[in-house]
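Only one structure is covered here, and it is reproduced in the block below.
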Protein chains: 2
Amino acid sequence: MPRSQPLNDQALEIVARRFAVLAEPMRLRLIQALFDGEKNVTELTVLTGGTQANISRHLQTLIAAHILARRKDGLQVFYRISDPTIPKLCELVCGSLEKSLKKQAGHLNPSR
Amino acid sequence: MPRSQPLNDQALEIVARRFAVLAEPMRLRLIQALFDGEKNVTELTVLTGGTQANISRHLQTLIAAHILARRKDGLQVFYRISDPTIPKLCELVCGSLEKSLKKQAGHLNPSR
DNA sequence: CAAGTATATACGCATTTGCTCATATATTAA
DNA sequence: TTAATATATGAGCAAATGCGTATATACTTG
């Protein structure tokens, strides 16, 4: 979000949509599972502990958002992270999460 | 999101919730409006073109997420960005948005 | 205290979204 | 072609969420 000029309505909707796609624990789990390389739907279903239908749906959502890409090989479809900003984004949020947890711990156990 | 160990369920929910808070155009507009310093509710209501009730609600959401902080001065309440990762996050998403728009433009107007 | 201003909140409604179950669509193999 | 496997999708339901209207709360001033 550039500081110079505010985003117009359409751009804001696109940015908001992008955040919305990342706003589901199951989708974050899928992204996490793909950090170390591509996996097919069955593998992802097992890894995340979801139903096949639900995992497939979330994968379509991530594809539509251009966060993942797919490669078909016979019966199987392999998914991988296609947007390089995604890992950075996740790390940024995670870092701030860790910080606030530390701060909380500090408040629970003050120095005096 | 650290690559070493996957986040547990609770951490995933917290991260997802953080993204969800950023997944509303009106809240992004508020954040944008606060990039150049604190503003009170009336100012924000005028700048964003929302109703007072709605703006107030969104501000409470952003406060609960520790993205904004508030300062009361008499009748007025001033809000400001309190989480330093927010501008970085927005820039990251915006940058990727610009890139994909350029790519799209490129496809619409190929070199040959 | 009464009136006026700034902000927050309760309520109800409409929309969106995630989930499950069942089924459809490939693709491969017999 | 038939059966089996992997993935995608349609239908319906329940929960979450955003918004407007009206009202409540807090603070200031006369």
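The values are calculated or read from the model by the stated rules, or taken from the named source; none is laboratory data. Because the structure is predicted, anything quoted here is derived from the model rather than measured. Using ideal geometry, Cβ is built from the backbone for each residue, glycine included, and neighbour counts are taken over all protein chains shown. Protein only, heavy atoms only, side chains kept; ligands, DNA and RNA dropped before computing areas. Shrake-Rupley method; radii C 1.70, N 1.55, O 1.52, S 1.80 Å.
Here are some notes:
- Remark: the range B:9-83 carries 50 Å² of accessible area per residue (probe radius 1.4 Å; ligands, DNA and RNA excluded).
- For B:F78, distant residues with modelled amide H under 5 Å away: B:R71, B:K72, B:D73
- Number of Lys pairs (Cα under 28 Å; 8 or more positions apart or on different chains) in the protein assembly as shown: 29
- When you count the other C-beta atoms within 10 angstrom of each residue and take the mean per peptide, B:24-34, B:86-96, B:50-60, B:66-76 line up highest first as B:24-34, B:86-96, B:50-60, B:66-76.
- Pseudo-label separations to other copies for A:V46 - Cα-to-Cβ vector, 7 Å, nm: 6.2
- Cα gyration tensor, the range A:9-83 - rounded (a/c under 1.5), prolate or oblate: prolate
- Label 7 Å beyond Cα on the Cβ vector: B:E91 copy-to-copy distances, nm: 1.6
- Summed buried accessible surface, chains B and A, 1.4 Å probe, nearest 100 Å²: 3600
- Pseudo-label separations to other copies for B:D9 - Cα-to-Cβ vector, 7 Å, nm: 4.1
- Among the residues of A:36-48, the average count of other protein chain beta-carbon atoms within 10 Å of the residue beta-carbon is 0.
- The slack between A:K102 and A:D36, meaning 0.36 nm per residue of separation minus the straight C-alpha distance, is 21.0 nm.
- Share of carbon and sulfur in the accessible heavy-atom surface of the range A:9-83 [1.4 Å probe, %]: 49
- Summing charges over neighbours of A:Y79, with a neighbour being any other residue whose Cβ is under 15 Å away from its Cβ, gives +3 when K and R count +1 and D and E count -1.
- Between A:A64 and B:Q60, the simple label model (points 7 Å from Cα in the Cβ direction) yields a spacing of 3.1 nm.
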